[in-house]
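Data block below; observations after.
The values are calculated or read from the model by the stated rules, or taken from the named source; none is laboratory data. Everything numeric in this text was worked out from a predicted model, so none of it was measured. Cβ placement follows ideal geometry from the backbone for every residue including glycine, while neighbour counts extend to all protein chains displayed. Accessible surface areas use protein heavy atoms only, side chains included; no ligands, DNA or RNA. Shrake-Rupley method; radii C 1.70, N 1.55, O 1.52, S 1.80 Å.
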There are 2 protein chains.
Amino acid sequence: MSNPSAATPQPLTPDEESLVRALGQVMHVLPRAIDADMVGDRQLPLTEYTALMNLSETPERRMRMNELAALCHLSLSGMTRTIIRLETQGLVRRERCEEDARGWNAVLTDAGYARLQEAWPSHLAAVRRRFLQHFEGFDLAQLARAFQRAGTAEPTD
Amino acid sequence: MSNPSAATPQPLTPDEESLVRALGQVMHVLPRAIDADMVGDRQLPLTEYTALMNLSETPERRMRMNELAALCHLSLSGMTRTIIRLETQGLVRRERCEEDARGWNAVLTDAGYARLQEAWPSHLAAVRRRFLQHFEGFDLAQLARAFQRAGTAEPTD
DNA sequence: CATATTTGCTTGACCAATCAAGCGCCGGTT
DNA sequence: AACCGGCGCTTGATTGGTCAAGCAAATATG
């Protein structure tokens with residue numbers, strides 16, 4: 001009767017339950033909404049924006065595919081494909097890596113930088129309006145730390 | 001010079017910045033991690049689990065495709081396809097709707113209910129371990145309200 | 001009451017992501 | 001210096017979702 005392996009575990013409290021449901025909703029709605037904003041506004045999908053942005057934050061505006069993929073939360077092959085899309089638009093160029101001929105650098109072109117500058121305010125506004133706005137009065141640093149912990153996935157086992 | 005339409009908007013504060021980045025990480029990592037836990041543990045992908053769960057919470061264990069799609073954060077066609085997958089496993093059955101012959105009800109079978117019972121603790125544990133755990137000490141109700149606001153997407157315009 | 005419009009759902013075409021396999025290049029071993 | 005396992009990236013196949021078109025039942029309209 002009190003066999004722990006057969007026992008039904010404690011269910012979530014109502015507050016936990018609503019938080020989990022609300023997070024589910026946000027995870028579904030937010031990226032799509034922001035992407036739609038940016039496409040509608042500047043014709044630049046969120047994935048491509050993210051790639052350009054990460055490149056721009058680097059001193060030489062270039063990065064190895066490896067590292068860029070990680071920063072964009074994309075698999076390596078997903079990153080390859082995104083960069084190809086950007087390359088055909090002339091926003092990025094690929095160069096063989098000097099110190100390792102297997103590697104490639106994605107390099108932000110001037111056109112790419114200009115496109116980013118143009119799209120940046122739109123992204124900023126979307127993030128503010130659709131997300132940050134709803135957290136006024138919260139301790140954002142504390143929240144950020146909690147999310148960083150949750151975002152650091154331990155392997156499944 | 002002070003032309004507002006040409007002015008660069010205020011960038012995010014460092015705290016805002018890290019919160020946004022951390023949320024991006026979470027949105028990418030969490031669903032995959034929980035899905036992987038459940039598939040590894042119980043062979044039941046998160047999408048299918050969610051459908052079963054929503055059906056089970058209804059008095060007659062049945063629901064119109066419409067409503068179920070909304071609760072599962074899925075498009076209607078995505079829902080159709082998920083239900084078809086569940087149907088071939090015998091976890092769900094489809095019945096014509098009595099009061100409107102265009103409509104269908106997805107009905108949770110006994111096998112489906114059993115499967116859900118079996119998978120439920122695994123889902124619960126994953127949610128606790130990967131998410132809720134990191135928010136001990138937070139005002140969860142307040143957080144939930146903020147996420148509910150953020151999850152209620154106003155149309156893009 | 002016949003016809004047009006709308007509604008509920010499925011189907012087809014597509015797309016962006018993933019995983020797995022492949023291809024060169026690297027670097028250590030003998 | 002020839003080999004060989006590992007690494008960086010791309011390519012091919014598949015998947016799970018979306019949107020748009022289709023179909024049948026329902027409802028509104030003349």
Quick one: what pairs do we get from the range A:56-81, first residue over 20 Å from B:Met27 (Cβ atoms), second of a type outside the set (A, V, I, L, M, F, W, C) and within 7 Å of DNA strand C (Cβ to nearest atom), C-beta under 9 Å, 6+ apart or different chains? A:Arg64/A:Asp100
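Of B:Arg149, B:Arg115, which residue is of a type outside the set (A, V, I, L, M), part of a helix (DSSP H, G or I), open to solvent by 10 Å² or more (accessible area, probe 1.4 Å) and touching a Leu at 6+ places or on another chain (Cβ under 6 Å)?
Criteria check complete, one pass: B:Arg115.
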May I ask you to say which residue of A:Leu91, A:Leu52, A:Leu86 is within 13 Å of DNA strand C (Cβ to nearest atom) and either open to solvent by 80 Å² or more (accessible area, probe 1.4 Å) or at pLDDT 95 or above (or both)? A:Leu86
Considering only residues of the range A:118-140 that are in contact with an Asp or Glu (Cβ under 7 Å, 6 or more places away or on another chain) and without any contact (Cβ under 8 Å) to a residue 24 or more places away in the chain, which is most open to solvent (accessible area, probe 1.4 Å)? A:Leu140
Reported set for the range B:70-94 where residues are over 13 Å from B:Pro45 (Cβ atoms), more than 13 Å from chain A (Cβ to nearest Cβ) and more than 11 Å from DNA strand D (Cβ to nearest atom) is B:Glu87, B:Thr88, B:Gly90, B:Val92, B:Arg93, B:Arg94
Report yes if B:Arg128 is in a helix (DSSP H, G or I), of a type in the set (D, E, K, R) and either closer than 20 Å to A:Gly24 by Cα or within 14 Å of chain A (Cβ to nearest Cβ) (or both), otherwise no. yes
